[in-house]
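The values are calculated or read from the model by the stated rules, or taken from the named source; none is laboratory data. All values reported here derive from a predicted model rather than from experimental measurement. Don't worry about glycine lacking a Cβ; one is built from the backbone with ideal geometry, like all the others, and counts go over all protein chains shown. Please note that ligands, DNA and RNA were not included when accessible areas were found on the heavy atoms of the full protein model with its side chains. Shrake-Rupley method; radii C 1.70, N 1.55, O 1.52, S 1.80 Å.
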Amino acid sequence: MDQKMKSRETTIDDDVTHPAPANGSGKSSRPRGGLAPHALESLSDDELRTVAGVVRDHLKLGNDLRFEIIELHEPPKQQVYRNGGAALPREARVNAYHASQNGVWRLIVSITERRVTSQQFIEDVYPRIQLEEFDLIQQAVLDDPRFIEACRKRGITDLSLVVVDPWSAGRFGIEDEEGRFVCHTFALLRHSPHENQYAHPIEGVHAVVDVRTIEVIRVDDHGVVPIPTEEHNWEHQFLDEFQPALKELDIVQPKGVEFRRSGGRLTWRDWSLVVGFNAREGLTLHDIRFDGRPVCYRASIAELVVPYGSSTIPHHRKNVFDAGEYGLGMFANSLTLGCDCLGAIDYMDGWVTDYLGNPKCIPNAICIHEEDTGILWKHTDFRTGHVENRRGRRLVVSSISTLTNYEYAFYWYLYLDGTIECEMKATGIVNTAACLPGQPGKYATEVAPGVIAQNHQHLFCTRLDMAVDGETNTVLECDSVPEKPELNPNGNAWYLNSTPIRQDSGRDYNVDAHRFWKIINPNKKNRSGYPVGYKIAPTNFTKMMACDDSPSGQRMNAFKKALWVTRFDPEERYPSGEYVHLSTGKDGLPAYVAKERSTDNADIVVWYNFGVHHLVRCEDWPVQSVVMSGFKLMPADFFDRNPVSDLPPSTNAASCHANTKT
């Protein structure tokens, strides 16, 4: 009998840890008592405060000290596994910099010993643009006489209604920007303090700012285009009429939820994991296990880049790395009960620091709840008329970040059958520019008279530190291949051809071959003799549209392949490198794979790219309904059989016949 069928109710002590079983049939790891802290839990507010104090004392920069990020310095993976996740001495990674000078200090701080244990100063790199700098940049632009004059030419005299959006600048070889920490800006107009400024883009005026000195380097004026005047609002206070309201649809769990959480440690049915959060990546997942068996050591959205597809000056520069240049965690929302998440909800706060190193809490940054997923499996025996049907359910761990005009909702789903899904939902407001009414050009859609939204993409890179049933894995590239004619007389035969990726490499989609990738543990086999594994199941295909040798394309090297496989290195954390702002594109995944290390039966990281290819519709205006993209990690021979074939039958007693009579 399959061990999975023997017992699902093994009770464990409160402080027991859970190393990987020696074979593929470990007993259930679902705890029944309290959970001890895990070594991979995110830094607390007290730890953030301690680290900032240590760095202040160490660098002695006084009021000129700025912090880009303080985050957990994760202990070596082997130690975490050896200790079964039990707490280890705590350390922090810190990026810090001088307020008016280039370069970044990289420090490791022992929280336990309250001292700096490692320090490196890196010249000619730049930190992310900090949230506190947004207001400083806007005010500098609004105070600049050249900008004031450009607005006057467009009929704007009340600058209190002008909004300035700071954008990362990229590298375009412009002389007065070289060697400076620059951002470029776009301006918009509001008719009143809460009115939709994206309905009134101020076209043609473009200020470039040195973020270090908060100095406006120049104000480019590319010519006056009439500012669109129609108002396009969606906030309820601007609407006089609404369509009929939806009737209530309540999600209730009268007997309570199936999941349990203690700090960052989370368990649900056969799943266990650690939920983390940091300023750059936002939501992270760690030590993900099913029935005690490791699946993935760490999972996160490691980068999000939004390249725009217009050659019109100055919009050709729009190419923002939202994680590496701004920080997904820094812009995380405080989620609202009954709105962002429905049902019985557990929230986790997110802790970051401001640029002075003060701890900052984002209440309810992470939402955890359960959802019904419809039919899990069903079969009707037409001979006997007997029907078996099981309902599916998933655990949802989610977070939403607002990056100026766009909202990105990040969802990780854990399913009863061992599947993991990553789904992104993009919503918010499309970024706008102005045109002469009826003349949008071929790079944009006119969503309202004189208001255009340009072609663009949302490209996501997921970093998956895989650990399928152990620390050493191999990735197989799997293509469906028609059989040779001489062996295929009826022309219907085809088979799966699996090729190991044996060294650091980047790989492309092959739609004709229905290509997917499978991560296996060659040292473990299931009952049928197949190596245990998980497959990456794409839900859509997105290819980077920027030319490889363009200024933006060179910086997006990590997105030139659909999938990358690298040997694990604790310093290779981000697909476009550690320091993305004003980067050249030479760091990151192409540099990692150039090392040509073995990835065969090794400790590996899989980097998977997906995204949204966004040709804007009129229906995306004035506020965009969610657009979804993502992928699934599905067990592929990880089990001996369907792990939910023994789920007990149930009938939902709260369901009833609908009254559809008028």
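So that you can scan it fast, the table gives a plain yes or no per residue for (1) closer than 25 Å to Glu71 by Cα; (2) in contact with a His (Cβ under 8 Å, 6 or more places away or on another chain); (3) open to solvent by 80 Å² or more (accessible area, probe 1.4 Å); (4) not in a loop (DSSP other than H, G, I, E, B):
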residue	(1), (2), (3), (4)
Tyr592	yes, no, no, yes
Val612	no, yes, no, yes
Pro622	no, yes, no, no
Gly630	no, no, no, yes
Pro648	no, no, yes, no
Thr651	no, no, yes, no
His657	no, no, yes, no
Q: Could you pull out the residue among Phe259, Phe290, Phe277, Phe242 that is surrounded by fewer than 22 Cβ atoms within 10 Å (Cβ to Cβ), more than 18 Å from Gln457 (Cα to Cα) and in contact with a strand residue (DSSP E or B) (Cβ under 7 Å, 6 or more places away or on another chain)?
A: Phe259
Q) If we scan segment 442-449, do we find a residue that is among the aromatic types (Phe, Trp, Tyr) and in contact with a Leu (Cβ under 8 Å, 6 or more places away or on another chain)? A) no
Q. Does any residue of segment 331-352 turn out to be within 28 Å of Leu563 (Cα to Cα), open to solvent by 10 Å² or more (accessible area, probe 1.4 Å) and not charged (D, E, K, R)?
A. yes
Q) Given the structure, is Arg573 closer than 20 Å to Asp469 by Cα, in contact (Cβ under 8 Å) with a residue 24 or more places away in the chain and of a type in the set (D, E, K, R)? A) no
Q: Within segment 363-390, track down each residue that is among the β-branched types (Val, Ile, Thr), closer than 24 Å to Ile251 by Cα and over 27 Å from the mean Cα position of the chain (by Cα).
A: Ile375
Q: Examine segment 203-224 for a residue that is farther than 30 Å from His369 by Cβ and among the basic types (Lys, Arg), and state whether such a residue exists.
A: yes
Q. Taking segment 530-559 as the search range and keeping residues that are part of a loop (DSSP other than H, G, I, E, B), open to solvent by 10 Å² or more (accessible area, probe 1.4 Å) and out of contact with any helix residue (DSSP H, G or I) (no Cβ under 8 Å at 6 or more places or on another chain), which one is farthest from Tyr509 (Cα to Cα)?
A. Tyr530
Q.
Tell me whether segment 449-457 contains one or more residues that are over 13 Å from the mean Cα position of the chain (by Cα), under 30 Å from Ala302 (Cα atoms), among the hydrophobic types (A, V, I, L, M, F, W, C) and open to solvent by 10 Å² or more (accessible area, probe 1.4 Å).
A. no
Q: Within segment 199-226, work out how many residues are among the β-branched types (Val, Ile, Thr), open to solvent by less than 20 Å² (accessible area, probe 1.4 Å) and under 20 Å from Ile156 (Cβ atoms).
A: 5
Q) Condition test on Glu241, is it in contact with an Asp or Glu (Cβ under 9 Å, 6 or more places away or on another chain) and acidic (Asp, Glu)? A) no
Q.
Which count do you get for residues in segment 124-163 that are within 16 Å of His184 (Cβ to Cβ), more than 27 Å from the chain's Cα centre (by Cα) and assigned to a loop (DSSP other than H, G, I, E, B)?
A. 1
Q: Quick one: Thr599 ticks every box in (1) under 29 Å from His514 (Cβ atoms); (2) open to solvent by 10 Å² or more (accessible area, probe 1.4 Å); (3) in contact (Cβ under 8 Å) with a residue 60 or more places away in the chain except a single one, so which number is it?
A: (2)
Q) Is it fair to say Met330 is part of a strand (DSSP E or B) and hydrophobic (A, V, I, L, M, F, W, C)? A) no
Q. Restricting to segment 503-525, what's the tally of residues that are part of a loop (DSSP other than H, G, I, E, B) and surrounded by fewer than 16 Cβ atoms within 10 Å (Cβ to Cβ)?
A. 3
Q.
Going through Asp165, Asp210 one at a time, which residue ends up being modelled with pLDDT of 95 or more and touching a Phe, Trp or Tyr at 6+ places or on another chain (Cβ under 6 Å)?
A. Asp165
Q) Across segment 353-374, what is the number of residues that are open to solvent by less than 30 Å² (accessible area, probe 1.4 Å) and acidic (Asp, Glu)? A) 1
Q: Kindly list the number of the only condition in (1) farther than 29 Å from Gly62 by Cβ; (2) open to solvent by less than 20 Å² (accessible area, probe 1.4 Å) that fails for Gly173.
A: (2)
**Q.** Candidates Ser29, Ser25, filtered to the one that is touching a Gly at 6+ places or on another chain (Cβ under 6 Å), within 30 Å of Val532 (Cα to Cα), at pLDDT below 95 and open to solvent by less than 50 Å² (accessible area, probe 1.4 Å)
**A.** Ser29
Q. Do you know which residues across segment 402-419 are part of a strand (DSSP E or B) and open to solvent by less than 20 Å² (accessible area, probe 1.4 Å)?
A. Leu403, Tyr406, Tyr408, Ala409, Phe410, Trp412, Tyr413, Leu414
Q. Which condition breaks for Leu88 when tested against (1) touching a strand residue (DSSP E or B) at 6+ places or on another chain (Cβ under 8 Å); (2) among the hydrophobic types (A, V, I, L, M, F, W, C); (3) more than 30 Å from Glu178 (Cα to Cα)?
A. (1)
Q.
Tell me which strands (runs of 3 or more DSSP E) are completely within segment 176-279 and hold 1 or more residues being within 29 Å of the chain's Cα centre (by Cα) and under 30 Å from Pro127 (Cβ atoms), or say none if there are none.
A. 182-189, 205-210, 271-278
